[in-house]
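Written below as structure tokens is the structure these notes are about.
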Amino acid sequence: MNKKWEPNKGDRVIRHPREEELQTVRISSTDRRSQPKIFGSPMMLMYIFLGLIMIGTILLSMPFTTTSGNFTPLVDALFTATSAATVTGLTSVSTSTHWSATGQVIILMLIFIGGLGIMTVTGFLLILFGHRVSLSQQVLIKDSFQINQLGGLAKITLLMVGFAVLVQSIGFFVLLMRLINVYPFGQAVWQSMFHSISAFNNAGFVIFPDSESLSYFQNDYLILLIIGTLIFVGSIGYWTILDVGTNFSFSKLHLNTKLVLITTVSLVFVGALFFLFSESNNPKTIKDLPIIQQIYISIFESISGRTSGFSTIQFAETNQHTKFFFTGLMLIGGSAASVAGGIKVNTLAIIAISVFSTIRCKAYASAFGREIPKSQIRLSISIGILAISCAFITSIVLSITENNQSFINVWFETISALGTVGLTTGLSEQASSLSKLILSTLMFIGRIAPMTLALIITQNLQKPSYKFAEEELILG
């Protein structure tokens, strides 16, 4: 005779929602303890990222990674590994002269893994070697992709990796056709591979000999076009490209895609226009160049300066108002679920729509016939305020540790690190060890915090069972 099962104290009861007759499943408290929450939470992304940076730091500190054969100071190895893994591009030592071929390969691997995403790479390797992806791993991959379904994650992972490799391969071959006329064949192959990966992942690392970033190719429209295109594609993300590729009509695009495209194009146009008018009278940047080249460089700087950090001019020589304006672009960054950093153009679009709706006295925020959830509005405002607060506090600390630098240069470097952009006024190379550690922390926060915060809040957001009484405050 079967004895009816009764739950024990401490057991958790789950009712299956799809069965006609609700069935009871027993999950004991010991089973729950056997699966630590750390491996089922978005915090796992942070721990894996830290592990990647630590491995990169150890390798880059070794003598075989330098051209001199000497050990690299630990703080410089940590700074470079963090910058590469977070696809920032700030450097404390010259990438082209300090690091050997082995060191540059390690940096490139960190860029590729960091840009593609930890969970994307993990999922791809598990699928590639025939391992089963656990449910907790599927949830993390789903959340890092920012999609609402668990089904078909293996296919999505393979498509994303394939897309990234395809775009970078195309960039490699196109760059090779141009650089083969500049460098010997072997060097041209390596330069093309390194810069196609660096550009697509918006990393900003450059190993061109005798060149400050892309200053050597300031007159080369083809090089700037190729790298600019790779930067743009990487910064708008896989889902935007997929949506545009499958829905040719703008009206059929998802709301997220519409907002990303409109906001991105608007920022590129405004940024290029501002740079052109701001620097056209500056002899240290573009004043002495032909007007066509001024326009071309302005467009490139607007595309690159918001997300990647490649530059044809030295930002240390730009006007103060140019630097300040570009800190705004760097803080915004690229699209969500892309390789770019910043608070994301999606966040900016949601905040702008919310403000515009408030001005119009509307009780809700909407765009293109779709209402934006209030939870996303609150999250966007929170991310924006937290990012500005973090930058404000850090810039004050850095201005104390680097009191020989002007505040605009400190603010510029702070936003560049937080937005994982990589534009620099030269402060990173001249900074003290303490300042380098602060900037390294800022790069890590800028890469991990927005996504982790969004995932944590999304996963744990619960509707309260009660509400407090409302009380209006005095505004205005």
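Search the stretch 288-302 for residues being β-branched (Val, Ile, Thr) and surrounded by 13 or more Cβ atoms within 10 Å (Cβ to Cβ), and hand back the single one that is nearest to residue 234 (Cα to Cα). Before you say what the answer is, go through the steps one by one.
Going residue by residue through the stretch 288-302, those that are β-branched (Val, Ile, Thr) are 291-292, 295, 297, 299.
This time we only want the ones that are surrounded by 13 or more Cβ atoms within 10 Å (Cβ to Cβ), so: 295, 297, 299.
Working: 295: 23, 297: 20, 299: 17 Å.
For the stretch 288-302, the residue satisfying everything is 299.
With closer than 30 Å to residue 107 by Cα, in contact (Cβ under 8 Å) with a residue 12 or more places away in the chain and surrounded by fewer than 19 Cβ atoms within 10 Å (Cβ to Cβ) as the only criterion, which of 244, 189 stands out?
189
Rundown of residues vs (1) hydroxyl-bearing (Ser, Thr, Tyr); (2) on the phi > 0 side of the Ramachandran plot; (3) at pLDDT below 95, yes/no style:
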{"residue": "266", "(1), (2), (3)": "yes, no, no"}
{"residue": "269", "(1), (2), (3)": "no, no, no"}
{"residue": "275", "(1), (2), (3)": "no, no, no"}
{"residue": "301", "(1), (2), (3)": "no, no, no"}
{"residue": "304", "(1), (2), (3)": "yes, no, no"}
{"residue": "309", "(1), (2), (3)": "no, yes, yes"}
{"residue": "316", "(1), (2), (3)": "no, no, yes"}
{"residue": "324", "(1), (2), (3)": "no, no, no"}
{"residue": "331", "(1), (2), (3)": "no, no, no"}
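Going residue by residue through the stretch 386-406, is there one that turns out to be within 21 Å of the chain's Cα centre (by Cα), modelled with pLDDT under 85, assigned to a helix (DSSP H, G or I) and not β-branched (Val, Ile, Thr)? Explain how you work it out, then say what you get.
Taking the stretch 386-406 and keeping what is within 21 Å of the chain's Cα centre (by Cα), we get 386-392, 394-395.
Imposing the further condition that a residue be modelled with pLDDT under 85 reduces the set to none.
Checking the stretch 386-406: not a single residue is within 21 Å of the chain's Cα centre (by Cα), modelled with pLDDT under 85, assigned to a helix (DSSP H, G or I) and not β-branched (Val, Ile, Thr).
Would you mind stating whether residue 338 is at pLDDT 95 or above, within 23 Å of residue 197 (Cβ to Cβ) and small (Gly, Ala, Ser)?
No; evaluated as a whole, the condition is false for this residue.
For the stretch 57-101: of the residues being touching a strand residue (DSSP E or B) at 6+ places or on another chain (Cβ under 7 Å) and not hydroxyl-bearing (Ser, Thr, Tyr), which is surrounded by the fewest Cβ atoms within 10 Å (Cβ to Cβ)?
98
Let me spell it out: the conditions are (1) touching a residue at least 40 places away in the same chain (Cβ under 8 Å); (2) closer than 19 Å to residue 434 by Cα, and residue 84 meets all of them except one. Which number is the exception?
(2)
In the stretch 269-287, what residues are closer than 16 Å to residue 312 by Cα and loosely packed, with under 15 Cβ neighbours inside 10 Å?
Hits for the stretch 269-287 are 283, 284, 287.
Tally time: how many residues in the stretch 381-407 are under 21 Å from residue 321 (Cα atoms), surrounded by fewer than 16 Cβ atoms within 10 Å (Cβ to Cβ) and in contact (Cβ under 8 Å) with a residue 24 or more places away in the chain?
Going through the stretch 381-407 one residue at a time, the tally reaches 1.
Identify all residues within the stretch 307-336 that are over 20 Å from residue 239 (Cβ atoms) and outside any helix (DSSP H, G or I); write none if there are none. Give the steps one after another, and end with the answer.
Applying the first criterion (over 20 Å from residue 239 (Cβ atoms)) to the stretch 307-336 yields 309-331.
Correct list: 309, 310, 311, 312, 313, 314, 318, 319.
I'm told residue 357 meets every condition in (1) touching a residue at least 12 places away in the same chain (Cβ under 8 Å); (2) among the polar types (S, T, N, Q); (3) over 16 Å from residue 263 (Cα atoms); (4) crowded, with 17+ Cβ neighbours inside 10 Å except one. Can you identify the failing condition by its number?
Of the numbered conditions (1) touching a residue at least 12 places away in the same chain (Cβ under 8 Å); (2) among the polar types (S, T, N, Q); (3) over 16 Å from residue 263 (Cα atoms); (4) crowded, with 17+ Cβ neighbours inside 10 Å, the odd one out for residue 357 is (1).
Would the stretch 363-370 turn up any residue that is surrounded by fewer than 18 Cβ atoms within 10 Å (Cβ to Cβ), outside any helix (DSSP H, G or I) and in contact with a strand residue (DSSP E or B) (Cβ under 9 Å, 6 or more places away or on another chain)?
yes
One line per residue, one yes/no per condition, for (1) assigned to a helix (DSSP H, G or I); (2) under 25 Å from residue 251 (Cα atoms); (3) of a type in the set (D, E, K, R):
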position: 305; (1), (2), (3): yes, no, no
position: 338; (1), (2), (3): no, yes, no
position: 357; (1), (2), (3): yes, yes, no
position: 381; (1), (2), (3): yes, no, no
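With the structure loaded, tell me whether residue 430 is surrounded by fewer than 16 Cβ atoms within 10 Å (Cβ to Cβ), farther than 20 Å from residue 306 by Cβ, among the polar types (S, T, N, Q) and modelled with pLDDT under 75 or whether it fails that test. Walk me through it before giving the result.
On the way: surrounded by fewer than 16 Cβ atoms within 10 Å (Cβ to Cβ): yes; farther than 20 Å from residue 306 by Cβ: yes; among the polar types (S, T, N, Q): yes; modelled with pLDDT under 75: no.
Considered against the rule, which asks whether it is surrounded by fewer than 16 Cβ atoms within 10 Å (Cβ to Cβ), farther than 20 Å from residue 306 by Cβ, among the polar types (S, T, N, Q) and modelled with pLDDT under 75, residue 430 comes out as no.
Sort out which residues of the stretch 256-274 are more than 21 Å from the chain's Cα centre (by Cα) and touching a residue at least 40 places away in the same chain (Cβ under 8 Å), and write them in order of number.
274
Among the residues of the stretch 233-278, write down those that are touching a helix residue (DSSP H, G or I) at 6+ places or on another chain (Cβ under 6 Å) and either farther than 25 Å from residue 162 by Cα or assigned to a loop (DSSP other than H, G, I, E, B) (or both).
Matches in the stretch 233-278: 253, 254, 259, 263, 268, 271, 272, 274, 275, 276, 278.
Let's see how each residue does on (1) surrounded by fewer than 20 Cβ atoms within 10 Å (Cβ to Cβ); (2) modelled with pLDDT of 95 or more; (3) among the basic types (Lys, Arg):
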| residue | (1), (2), (3) |
| --- | --- |
| 103 | no, yes, no |
| 107 | no, yes, no |
| 112 | no, no, no |
| 130 | yes, no, no |
| 137 | yes, no, no |
| 165 | yes, no, no |
| 171 | no, yes, no |
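Name the residues in the stretch 213-228 that are crowded, with 16+ Cβ neighbours inside 10 Å, under 19 Å from residue 423 (Cβ atoms) and either touching a residue at least 40 places away in the same chain (Cβ under 8 Å) or charged (D, E, K, R) (or both), would you?
Across the stretch 213-228, the qualifying residues are 213, 214, 217, 218, 223, 224, 227, 228.
The values are calculated or read from the model by the stated rules, or taken from the named source; none is laboratory data. None of these values were measured; they are calculated from a predicted model. Note that we place each Cβ from the backbone using ideal geometry, even for glycine, and neighbour counts take in every protein chain shown.
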